[in-house]
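The values are calculated or read from the model by the stated rules, or taken from the named source; none is laboratory data. Treat the numbers as computed from the prediction; the structure is a model and nothing was measured. Here Cβ is always computed from backbone atoms with ideal geometry, including for glycine, and neighbour counts include all displayed protein chains. The area values use the complete protein model at the heavy-atom level, side chains included, leaving out ligands, DNA and RNA. Shrake-Rupley method; radii C 1.70, N 1.55, O 1.52, S 1.80 Å.
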Amino acid sequence: MRLISPAAFVLCLSAPTSYAATSDGAFAADGIGSQSCSAFLEAAKGQDRQALGYYASWIEGFMTGVNVFRDDTFDITPWQTAPLLMGKLGTYCAANPDLGVVVALGRLVAVLEPHRLTEPSETVQARTGGRAVAVPAAVLARVRGAIEAETGEALSTPEGSFDADFAAALRSYQSGRGLEESGLPDQRTLNALFP
C-alpha cells in the first residue's frame, strides 16, 4: 500500500487543480464531494435534506482533513458552522456551476486561510441579553481589534473577556451593517468582519 505524505495531501486539499495524482491534474474524490457545483445547487434549491446533510458532513470532513494535514493550521474554521460554509460554497458554486464540489472547497480553504487558528485557543462564552455564543479567545481578540480599528476607540473590556461595553460596541457595528443587533460575535457578524 502506497501512503501519501501529509504535505502532498495538503497540496491536494488546498489547490486541487494545481496538485494532483496525474500530470494533467486529475484526482479522485469520494462520496458526495465528487458531485458538481450544479448538483449541490440543485440539492440546495430543492431543499433536499438528506443530500444537504451529506454535503454538510463531507464539508466538515474536508475541513478536518485540512486541520490534520496542514502543519500551520490548528483550525481552518474556528467559528464557521457547516450552514455558513454551505452558504459560501453555494455562492461560489452559483458562479462556477461546472466545477466539482471538492475543487470549490479547495478554493474556499484559500479564502478561509487568513482567518484560521494556528494553535489551540481557549473558548470564551460571550453573553448578553439572555443569549450566548462560544467563541475562541483568539477570534474574540480579532473581533476586538477589528471593532477598535473601525471606531478608532479602545474598548475598556479586559483582554480575553466579554462584557457590556464589548456588547455595545458590537451592537453599534451591527447597526451600521444592517445586521441583527445581538451584541454578540455571532455567525453573521463574524462573517461581516472576516468575509
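Structure values in brief
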item	result
Yes/no for Val109 being in contact with a strand residue (DSSP E or B) (Cβ under 9 Å, 6 or more places away or on another chain) and buried (at least 17 other Cβ atoms within 10 Å of the Cβ)	no
In region 36-78, residue most open to solvent (accessible area, probe 1.4 Å) [restricted to those that are part of a loop (DSSP other than H, G, I, E, B) and either at pLDDT 95 or above or acidic (Asp, Glu) (or both)]	Asp71
Output for region 163-174, where each listed residue is open to solvent by 30 Å² or more (accessible area, probe 1.4 Å) and within 17 Å of Leu193 (Cβ to Cβ)	Ala168, Arg171, Ser172
Residue satisfying condition, being within 25 Å of Ser172 (Cα to Cα), touching a residue at least 12 places away in the same chain (Cβ under 8 Å) and open to solvent by 20 Å² or more (accessible area, probe 1.4 Å), within set Thr151, Thr157	Thr151
Region 1-26, residues that are at pLDDT 50 or above, over 18 Å from Leu108 (Cα atoms) and open to solvent by 40 Å² or more (accessible area, probe 1.4 Å)	Ala21, Thr22, Ser23, Asp24, Ala26
Pair list, Cβ under 8 Å, 6 or more apart: region 125-146 residue at negative phi, other residue part of a strand (DSSP E or B) and hydroxyl-bearing (Ser, Thr, Tyr)	Ala134/Thr123; Val135/Thr123; Pro136/Thr123; Ala137/Thr123
Those residues of region 176-185 which are touching a residue at least 24 places away in the same chain (Cβ under 8 Å) and either within 14 Å of Pro136 (Cβ to Cβ) or touching a Ser or Thr at 6+ places or on another chain (Cβ under 7 Å) (or both), in sequence order	Gly183, Leu184, Pro185
Some residue of region 80-103 being among the β-branched types (Val, Ile, Thr), in contact with an Asp or Glu (Cβ under 8 Å, 6 or more places away or on another chain), open to solvent by 20 Å² or more (accessible area, probe 1.4 Å) and outside any helix (DSSP H, G or I)	no
Residues (part of a helix (DSSP H, G or I), of a type in the set (A, V, I, L, M) and under 22 Å from the mean Cα position of the chain (by Cα)) located in region 118-159	Ala137, Ala138, Val139, Leu140, Ala141, Val143, Ala146, Ile147
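Results for (1) under 12 Å from the mean Cα position of the chain (by Cα); (2) of a type in the set (Ser, Thr, Tyr), shown as yes or no for each residue.
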site: Gln47; (1), (2): no, no
site: Ala51; (1), (2): no, no
site: Gly61; (1), (2): no, no
site: Thr64; (1), (2): yes, yes
site: Thr77; (1), (2): yes, yes
site: Gln80; (1), (2): yes, no
site: Lys88; (1), (2): yes, no
site: Thr91; (1), (2): no, yes
